[in-house]
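Provided herewith is a single structure, encoded as structure tokens, for subsequent inquiry.
The values are calculated or read from the model by the stated rules, or taken from the named source; none is laboratory data. Small disclaimer: the values here were computed from a predicted structure and weren't measured. For neighbour counting, all protein chains shown are included, and Cβ atoms are generated from backbone atoms with ideal geometry for every residue, glycine included.
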Ligand SMILES: Nc1ncnc2c1ncn2[C@@H]1O[C@H](COP(=O)(O)OP(=O)(O)O)[C@@H](O)[C@H]1O
Ligand SMILES: [Mg+2]
């Protein structure tokens, strides 16, 4: 029997075919989402974002926990996202941003419905402040921080960036030593931050703080002047304590740096330990938004278009045929064909050994760097044309979106 090739069932997204999706673009970017400049529409536009998003079990649980906290009905105020680069940390922060920013205007799409159902109550609306540390220059700070009335400022210190977003000039005054509309050099103590975090409640809103890439900045800043190591650790200590005190406030933070070098060396390691222990002090377990079993589904949504993958029946006979061929060559498969069929069905169109072997979906993940099975798509041809052998397609070299087109072109008709 000649089986249909995998690309008859699924279609690669245009940006992959054309090579437009660069490595930089593959990583999610919360800062771009807040700026809403139309540069990264798949993340900025909630309809496109949720069409792409796979509501993993952990992600649904996190959304529920955050919703309950923002509604003032739980004491789980502090969450830390774990996993290294490519683990879906920023994607998770963006999901929270869209879900709680204006829940009444969310698109009515399956992923949003799944989140709503899992939460089981109306999603509370929150005022969201973001601290994307990879965008704060250690010397110049960050431009265009938007205050409440649309005023924008360039600010140097993370606490100023937070205060200005939450309450504009009043926010800066609330944490300044002399009550002035200016920045201060040291982290404000917990009572000042508590007052600041209560400000959105006066406007009927919960407060949600989303933090990304802390170690990128912390390592750099502490490297320039040692006093900053203590200041930053103190800032997070006071901030997490303050969030716990305000009933409808929550903080979700991703501390780890995209650049692993920032976590290495004596200083990097010490900072990592200190910051992790600050978050652990609130007795919240870390959250791993993407687990092993989620990777195949995330990559399917990221790489392919169309409904083909939702209809398992459409490619079931293809899978059965491939496993039958494989069973002739491989004793283990022959012994338990139905289990093998299940595995192949679940990971289609990827080879089951590939995406399942990692919990990260980014370029540093095992999945993308596994030398033998980098882009192990299903065989283009099986059966007679390939001499009856089963040969999972895999690139010899690690293969990433910008290279995918090249890899795939070798295999596409
Ligand atoms: N739940 C998910 N559903 C769909 N795509 C996801 C999901 N989690 C992560 N991704 C995608 O995987 C890639 C890596 O995730 P990202 O959030 O950038 O990782 P991290 O911030 O941990 O380095 C991004 O392209 C992102 O959009
Ligand atoms: Mg990230």
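Within the range 289-324, how many residues are part of a helix (DSSP H, G or I) and either within 26 Å of residue 50 (Cβ to Cβ) or at pLDDT below 75 (or both)?
19
Among the residues of the range 59-80, write down those that are buried (at least 19 other Cβ atoms within 10 Å of the Cβ) and either within 16 Å of ligand 2 (Cβ to nearest atom) or without any contact (Cβ under 8 Å) to a residue 12 or more places away in the chain (or both).
Of everything in the range 59-80, those that are buried (at least 19 other Cβ atoms within 10 Å of the Cβ) and either within 16 Å of ligand 2 (Cβ to nearest atom) or without any contact (Cβ under 8 Å) to a residue 12 or more places away in the chain (or both) turn out to be 59, 62, 79, 80.
Cβ-Cβ below 8 Å, separation at least six or inter-chain, first residue in the range 250-262 and over 16 Å from residue 81 (Cβ atoms), second within 11 Å of ligand 1 (Cβ to nearest atom): which pairs?
That search, which allows pairs on different chains as well, returns 260/84; 260/85; 260/364.
Could you say whether any residue in the range 280-287 is assigned to a helix (DSSP H, G or I) and either under 22 Å from residue 212 (Cα atoms) or outside the structural domain of residue 188 (by TED's automatic domain parsing) (or both)?
yes
To continue, here is another question. Is it fair to say residue 180 is free of Cβ contacts under 8 Å to residues at least 12 places away in the same chain, over 29 Å from the mean Cα position of the chain (by Cα) and surrounded by fewer than 21 Cβ atoms within 10 Å (Cβ to Cβ)?
Considered against the rule, which asks whether it is free of Cβ contacts under 8 Å to residues at least 12 places away in the same chain, over 29 Å from the mean Cα position of the chain (by Cα) and surrounded by fewer than 21 Cβ atoms within 10 Å (Cβ to Cβ), residue 180 comes out as yes.
Can you spot a residue in the range 206-219 that is surrounded by fewer than 18 Cβ atoms within 10 Å (Cβ to Cβ) and assigned by TED's automatic domain parsing to the domain that holds residue 156?
no
Of all the residues that make up the range 43-58, how many are part of a helix (DSSP H, G or I) and either modelled with pLDDT of 95 or more or crowded, with 17+ Cβ neighbours inside 10 Å (or both)?
7
Given the criterion part of a helix (DSSP H, G or I) and assigned by TED's automatic domain parsing to the domain that holds residue 93, identify the matching residue among 32, 61.
Result of the check over 32, 61: 61.
Considering only residues that are in a helix (DSSP H, G or I) and touching a residue at least 60 places away in the same chain (Cβ under 8 Å), look in the range 200-218 and name the one that is nearest to ligand 2 (Cβ to nearest atom).
Out of the qualifying residues, it is 216.
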